[in-house]
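Worksheet: one structure, shown below.
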Amino acid sequence: MLFDQMHHVAIIVSDYEKAKEFYVKKLGFPVLRENFREDRGDWKLDLKFGDSELEIFAIPGAPPRPSYPEAQGLRHLAFRVDDVARAVQKLEALGIPCEPIRWDDCTQRRMAFFHDPDGLPLELHE
């Protein structure tokens, strides 16, 4: 295969401070780089995500992401965890509501969804 691994995933958010609070303070992603791009008038926050990166962009005037009904394109981001129930418990203790835990018939593993401040679906998966 031509590709070794995922380098990064990029997310555009509506509120930089809310997104930073959510992804850094609540979810615990370490900050690699944080830059205000003067020429574009936006913020770019690079977070460590295993061997990859999660890029957070705050672009003024970006349109909201269609979610329901689901639109073509990125459906959700999934994070591997050892124990979905424990991860749900920790997220809910941080004030992040989670959907009920369910069974993934394809992988035979437990999973649950939650959302970022802009409603982007995020998944916990064992």
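Evaluate the following for E38: is it within 20 Å of L91 (Cα to Cα) and more than 12 Å from the chain's Cα centre (by Cα)? Steps first, please.
On the way: within 20 Å of L91 (Cα to Cα): no; more than 12 Å from the chain's Cα centre (by Cα): yes.
No: the conditions fail for E38.
Does the range 16-27 include one or more residues that are over 14 Å from the mean Cα position of the chain (by Cα), at pLDDT 95 or above and under 24 Å from G95 (Cα atoms)?
Taking the range 16-27 as the starting set, the residues that turn out to be over 14 Å from the mean Cα position of the chain (by Cα) are 17.
From what is left, the residues that are at pLDDT 95 or above are 17.
Right, trim to under 24 Å from G95 (Cα atoms) and you get 17.
Yes, there is a match, as at least one residue in the range 16-27 is over 14 Å from the mean Cα position of the chain (by Cα), at pLDDT 95 or above and under 24 Å from G95 (Cα atoms).
Of the residues V31, V24, which is on the phi < 0 side of the Ramachandran plot and in contact with a Pro (Cβ under 9 Å, 6 or more places away or on another chain)?
Every option except V24 fails the conditions.
Pick from the range 17-39 the residues that are in contact with a strand residue (DSSP E or B) (Cβ under 9 Å, 6 or more places away or on another chain) and in a loop (DSSP other than H, G, I, E, B): which of them is surrounded by the fewest Cβ atoms within 10 Å (Cβ to Cβ)?
This residue is P30.
Scan the range 20-43 and report the pairs whose first residue is under 12 Å from D116 (Cβ atoms) and whose second residue is part of a helix (DSSP H, G or I) and not basic (K, R), with Cβ atoms within less than 9 Å and a gap of 6+ or a chain change.
Sorted first by the residue in the range 20-43, then by its partner, the pairs are K26/L91; L27/L91; F29/Y23.
If I go through the range 65-90 residue by residue, how many of them are part of a helix (DSSP H, G or I) and either hydroxyl-bearing (S, T, Y) or in contact (Cβ under 8 Å) with a residue 24 or more places away in the chain (or both)? So that I can check it myself, show each step before the final result.
Start the filter on the range 65-90 by keeping residues that are part of a helix (DSSP H, G or I), which leaves 84-90.
Next, from what is left, pick out any that are either hydroxyl-bearing (S, T, Y) or in contact (Cβ under 8 Å) with a residue 24 or more places away in the chain (or both): 84-85, 87-88.
Residues in the range 65-90 being part of a helix (DSSP H, G or I) and either hydroxyl-bearing (S, T, Y) or in contact (Cβ under 8 Å) with a residue 24 or more places away in the chain (or both): 4 in total.
Just wondering, is there one or more residues in the range 100-112 that are free of Cβ contacts under 8 Å to residues at least 60 places away in the same chain, outside the structural domain of K20 (by TED's automatic domain parsing) and closer than 23 Å to S14 by Cβ? Before you say what the answer is, go through the steps one by one.
Residues of the range 100-112 that are free of Cβ contacts under 8 Å to residues at least 60 places away in the same chain, as a first pass: 100-112.
With the extra rule that they be outside the structural domain of K20 (by TED's automatic domain parsing), the set shrinks to 100-112.
Now narrow it down to the ones that are closer than 23 Å to S14 by Cβ: none.
Checked against the condition, which is being free of Cβ contacts under 8 Å to residues at least 60 places away in the same chain, outside the structural domain of K20 (by TED's automatic domain parsing) and closer than 23 Å to S14 by Cβ, the range 100-112 yields no hits at all.
The values are calculated or read from the model by the stated rules, or taken from the named source; none is laboratory data. Small disclaimer: the values here were computed from a predicted structure and weren't measured. Please note: Cβ atoms are built from the backbone with ideal geometry, for glycine as well, and neighbour counts cover all protein chains shown.
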